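S.K.: Mind looking over this structure? Questions follow.
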Amino acid sequence: MDKKTLTNVALRHRAVFLDLNREDINMHSEITVPVAAFIQLLNENGFCANEELLHALNSVSPYRLAVIAECINEVFGLDLNWAPLVKEWNVPTGENAADHLITFIVNQFFTTKTGFKGTTLPCGHFIPEGTFPLERYNGCPFCGTPFKTANFVYKGQGSKLKELRLFTVEDMEHLFSSLLTSATPLDATQQDSLKLLLRVFPLPENPNITMKETAMLVVRMLVEQDMTDEASKLLKTPNDVLRYLWYEKTGYVQLIEPRTLVAHARKLYSHLWGPLDRGLDAAQEMKNNLMLKYDRKTCRCAARWMNAIPLTAKQAAENMNPKRGMWVRMIHALRLGEYSRKKGFEHLAEILDVFYKQDYTTWQGRVDKARIANDADKTLALLKERPGFFARCLFASMLRFGSDKTLAAFNDIADKLPARLLLSLGNAAEIYFDPKEERIVRPITGVMKTIEPNKLLVLYSDEARKSMVEEVNNLYKASITRSFAAQKTTSKTLYIDPSLYNIPISVGDRATTIQDASCALMGTRFPVEGDAVRLFMQWGKGLPAQHLDMDLSCRIAMPNGYVEECGFFNLTCAGAKHSGDIQHIPNMVGTAEYIELSLPELEKVNAKYVAFTCNAYSNGAISPNLVVGWMDSANPMKISEETGVAYDPSCVQHAVRISEGNLSKGLVFGVLDVAKREIIWLEMPFTSQTVRGLDSASIEALLHKLGAKLYIGQLLDIKAQAQHLSKVETPDEADEAYTYEWALNPAEVTKLLYREVAQ
Ligand SMILES: [Zn+2]
């Protein structure tokens, strides 16, 4: 069993993995010397162990403790370089635009520097005397190349220890199965954990996988192990096969059309400055990458999968219709025609025949026809055949055919829908029916767009629109209550942790970053304890020295729509200080930028929100292995005079790692609500080279969207009511205990929403 993998996955759930049985733990053991040292190390990094874990640790070998310590070191990047460009950067260097201009002129137009007083740096730049105060920098202030790295970080300044618990093999197996069967799409951290666990645990006999995207991850693993017949059982429609082949090609589990990918590549590699613009090359490169070329083995495998599809030829062809263009190319590239003439591939032959002759009518075509004819009864009757599709066009249908008629039809099929879909309707209704509200959608490429409200909204009065929202809410709550009431339970009491009333249920906004240290759900609010919040960003780990310019910045929303920014272009402003712009990374150990926010100063200037952002100034997406986050402590947090290092793992409140599949150019990773002194964790990608492209209206729209969600606590209240459970004050006295630790596994939370539905 790969213990390092399991240790890493457990840490994400605030736990330490130990290969032992709970029953064997001696709860009266004395702490051994190695364990005492290990606990000391945990404390320095901001953790402590609960009682069960403490006693369990006493029974494991010191070597095992060393492996765990190493994992913690790696997760927190303790061996990396955390020195920024400026030493003691909380004291501004006073550098200004004139310093940059003078240095530029001297370097550009004078080949010999005789006649100028100054210093030539290892990067070749000559810094004239009287410009930058060189003694304050770890590198070249002109081109942002670091010359000095640091090999230490601060420790133990944090004011709060996070408690770690024990994870046994049994807990890990439970986590594995809850991820496999999750009824909501997995976010990046969960996907990554599932991939890691698939290598450790065997797949169960009948894995009850409900999400297509999860099935793709499993299919890939089976194909890697040459178990293509087992994989076949997970591919139930032609589009499942297409989705898998496309996942292999693009790395995305969703079906993104080639033209979208090409257009996105062009946008990502275009640059503000002409000579650096590589947009067209990147688009061509993507086109080449997407060319379809398959070897015999893959062709044969795909042909067998298609032949085994458990649908009639007509159903299969209708399923292929929406991606007809992609299919035509795929059939050719996979030589499916050739295979269809072979013995044993009769079902494939039948499917291709119907597909090419277009000998099928599509359901979508019938709906469109009825809708254009304004035939409400016919349209609604057709929509009832496909509950999932009905849900997606429910609001538009309400505006078009009237809410009474539409909702009555919808109510007939509501119980057939997965509960997560119903919930997301409730979340979305308030925003959809508000004519002033811009909706934010997040297409697969990760960059959010705002879209205009539905034009039909103007036909309805304020009251009519409000009652539509209420009707949608009543409908989904009634349906969820029915499904809770239908579940058999022997429990009489339940405990709900008060913090669960602050955590929204995640149904749509999937995080694309990986959280190595602890899982939190998007929308989680972190109270700020001290007077300072320190943002950090570390990037370039494991990469050779090169130009790789990533920027940490923040945007301060002031009253009356006025906005202040702090970033490489403006190192200090009221309430914020930046540690200097690094544009080149040193060899292998990475580099860092920081921003220090002062709450008293922000309060003094009446700042409302501060949005934390990072983005790539170099071409391309945000670099993999980039880590961003923030620190907070009731104690003062040090900044080194010698090196500028300002990182302390024990003060880290939340940190995320950018995953390899990230398609976006910039990311908002948190918002500080100044008056409430709390930080809301959220993720909002944007494509603009600098922070100037981000508008504060979309931040407020997203906060509003998070605010309009159903919270975990509220869902548990519905359950308590439907199942006649009484609430108790402590987890120990409850038949069912819903604690914060329970919520750290989002797959476990969404299990509440699971119900048997007819597909
Ligand atoms: Zn330089």
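Any read-out appearing in this document is the output of simple, stated calculations on the displayed coordinates, not a laboratory observation. Keep in mind that this is a model prediction, so the values were computed, not measured. Note: ideal-geometry Cβ built from the backbone for every residue, glycine included; neighbour counts use all protein chains shown.
S.K.: Rounded to the nearest 0.05, what FRET efficiency do Asp24 and Lys405 have when you use their Cβ-Cβ distance and R0 = 51 Å?
M.R.: 0.20
S.K.: Under a Cβ-only charge scheme (Lys and Arg +1, Asp and Glu -1), can you give me the dipole magnitude of region 44-203 about the Cα centre, in debye to the nearest 20?
M.R.: 580 debye
S.K.: If I stretch the segment between Asp375 and Gln714 completely, what's the gain in nm (0.36 nm per residue apart, minus their alpha carbon distance), one decimal?
M.R.: Once the chain is fully extended between Asp375 and Gln714, it gains 118.1 nm.
S.K.: Please determine, in degrees from 0 to 90 and to the nearest 10, the orientation of helix 462-486 with respect to the longest principal axis defined by the Cα atoms of the chain, where the helix direction is its Cα long axis.
M.R.: Between helix and principal axis, roughly 80 degrees.
S.K.: Go ahead and run the numbers for FRET between Glu338 and Asn289, Cβ-Cβ distance against an R0 of 22 Å, rounding to 0.05.
M.R.: 0.30
S.K.: Among the DSSP beta bridges whose two residues both lie in the chain, what percent are antiparallel, rounded to the nearest 5?
M.R.: 85 percent
S.K.: Straight-line reach only, C-alpha to C-alpha below 17 angstrom: list the lysines that Lys160 could link to, leaving out same-chain residues fewer than 8 apart.
M.R.: Lys638
S.K.: Pull out the extension gain between His724 and Lys148, defined as 0.36 nm times the separation in residues minus the alpha carbon to alpha carbon distance; nm, one decimal.
M.R.: Extra length available between His724 and Lys148 comes to 200.9 nm.
S.K.: Using 1/(1 + (r/R0)^6) with R0 = 45 angstrom and r between the beta carbons of Glu248 and Val458, what's the FRET efficiency to the nearest 0.05?
M.R.: So, using R0 = 45 Å, E works out to roughly 0.45.
S.K.: Wrap a convex hull around the Cα atoms of region 168-277, take a quarter of its surface area, and give that in square nanometres.
M.R.: One quarter of the hull surface, i.e. the mean projection, equals 9.3 nm².
S.K.: Straight-line reach only, C-alpha to C-alpha below 14 angstrom: list the aspartates and glutamates that Lys323 could link to, leaving out same-chain residues fewer than 8 apart.
M.R.: Counting by Cα, and skipping residues close in sequence, Lys323 has these aspartates and glutamates nearby: Asp240, Glu257.
S.K.: For each pair in Lys236/Lys293; Lys148/Lys676; Lys608/Lys751; Lys212/Lys719; Lys195/Lys342, compute the distance between the two Cα atoms and list the pairs where it is over 29 Å.
M.R.: Lys148/Lys676; Lys608/Lys751; Lys195/Lys342
S.K.: Answer with one residue from His100, Cys393, Gln714: the one whose Cα lies farthest towards the positive end of the charge dipole of the chain, charges on Cβ with Lys, Arg +1 and Asp, Glu -1.
M.R.: Value computed over the given set: Cys393.
S.K.: In degrees from 0 to 90, rounded to the nearest 10, what is the angle of the helix 169-180 Cα long axis to the longest principal axis of the chain?
M.R.: 60 degrees
S.K.: For the chain, find the longest principal axis of its Cα atoms and tell me its angle to the long axis of helix 97-109, 0 to 90°, nearest 10.
M.R.: It is inclined by approximately 80 degrees.
S.K.: Taking Cα centroids, how far is region 279-331 from region 97-164 in Å?
M.R.: If you average the Cα positions of each part, the centres end up 53 Å apart.
S.K.: About its Cα centre, how strong a charge dipole does the chain have in debye, to the nearest 20, once Lys and Arg get +1 and Asp and Glu get -1 at the Cβ?
M.R.: Its charge dipole is roughly 3040 debye.
S.K.: Any idea how far apart Thr572 and Lys416 come out in nm if each label point goes 7 Å out from Cα toward Cβ?
M.R.: Between Thr572 and Lys416, the label points sit 6.7 nm apart.
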